[in-house]
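Heads up: the structure comes next, in structure tokens.
Derivation of every value follows stated rules applied to the coordinates shown; laboratory data play no part. Quick caveat: nothing in here was measured; it's all calculated off a predicted structure. Please note: Cβ atoms are built from the backbone with ideal geometry, for glycine as well, and neighbour counts cover all protein chains shown.
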Amino acid sequence: MHKPFFASGFLYHSPSHQILLQELKSVDNVKLVLFRGSSHNGDDPQVVFQHCVEEALGVEIAASSIHPVYDYIHDRLGEHFIFYVEVADITPGAYASKNKAEWFLLSKLSKYPMSEQTRHDIIVGERVIRSLLEPPRPPQGPRPH
């Protein structure tokens, strides 16, 4: 028997430093959420994430554009895997999302309502992306006194 897990993440457009998130509306507020899917039958987490994005947006996502961020054990949900999808083009009007999907500048995300866990997942994702895009720094020797 396979343990259930969740796979979540966002789409990332590097030239504009924007990510695509869903807006979850309730009676009294709107908050930003990651794309999320679950599995109960032993699927690969990346495949689960790919299917949830494709279903939510009505577009095909190349498996090669999906990158892992990290995974953790959520208090209530259990095992949780975080991914991002590198996209070459941003066309918000082309997505047929069940929930409204919108592009947000990474630098402006602190202004928007979201859960602390979602905020943390995005921050870690941004650090992973930055570490892959920035050239490695040469090691620094001891500082003179």
From the convex hull of the Cα coordinates of segment 5-133, what is the mean projected area in square nanometres?
8.1
Using θ = phi - 60° and Karplus 6.51 cos²θ - 1.76 cosθ + 1.60, couplings along segment 14-29 (whole Hz; Gly, Pro as x):
5, x, 9, 6, 10, 10, 9, 10, 9, 9, 9, 9, 10, 4, 10, 6
Cα-based shape type of segment 1-70, given that a ≥ b ≥ c are square roots of the gyration tensor eigenvalues and the cut on a/c is 1.5
oblate
Calculated from DSSP H runs of 4 or more alone, at -39500 (n - 2.57) each and per residue, what is the 222 nm mean residue ellipticity of the chain, nearest 500?
-7000 deg cm²/dmol
To the nearest 10 degrees, the tilt of helix 116-133 (Cα long axis) against the first principal axis of the alpha carbons of the chain is 50
Distance between modelled label sites at ARG76 and VAL33, nm, 7 Å Cα→Cβ extension:
1.1
Please arrange ARG119, ARG76, ARG130 by how many other C-beta atoms lie within 10 Å of their C-beta, fewest to most.
ARG76, ARG130, ARG119
As straight-line cross-link partners of LYS100, the qualifying lysines (C-alpha separation under 27 Å, not fewer than 8 residues apart within one chain) are LYS25, LYS31, LYS108, LYS111
Hey, which lysines would be in cross-link range of LYS3, C-alpha to C-alpha under 28 Å, not counting anything within fewer than 8 residues on its own chain?
LYS98
State, as an integer percentage, the relative contact order of the chain based on alpha-carbon contacts under 8 Å between residues 6 or more apart.
29
With both partners inside segment 5-133, how many of the DSSP beta bridges are antiparallel, as a percent to the nearest 5?
75
With +1 on the Cβ of every Lys and Arg and -1 on the Cβ of every Asp and Glu, the dipole magnitude of the chain about its Cα centre, in debye rounded to the nearest 20, is 580
